[in-house]
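Taking it in order: structure first as structure tokens, then the write-up.
Laboratory data are not the source of any read-out in this text; all were calculated from the coordinates shown. All of these numbers come straight from a predicted model, not from anything done at the bench. When we count neighbours, we look across all protein chains shown, and the Cβ atoms used for this are built from the backbone with ideal geometry, even at glycine.
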């Protein structure tokens, strides 16, 4: 797939990725928010079967 990735590329990959990976929670990180003075949220991709966010990209590339 040549760069840049287009909106059409993302839309085409969406159903394939949704069928292959888990939907993981995004939770506010109160301590990090307090330390940074910003509202910090953490995405728990470690809940994937592979414990990695890279699964989404790999599935999209293989589709």
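This ranking places 39, 9 by how few other beta-carbon atoms lie within 10 Å of each, fewest first, which gives 39, 9.
Net length available on complete extension from residue 50 to residue 5 is 13.7 nm, with 0.36 nm assigned per residue and the Cα-Cα distance removed.
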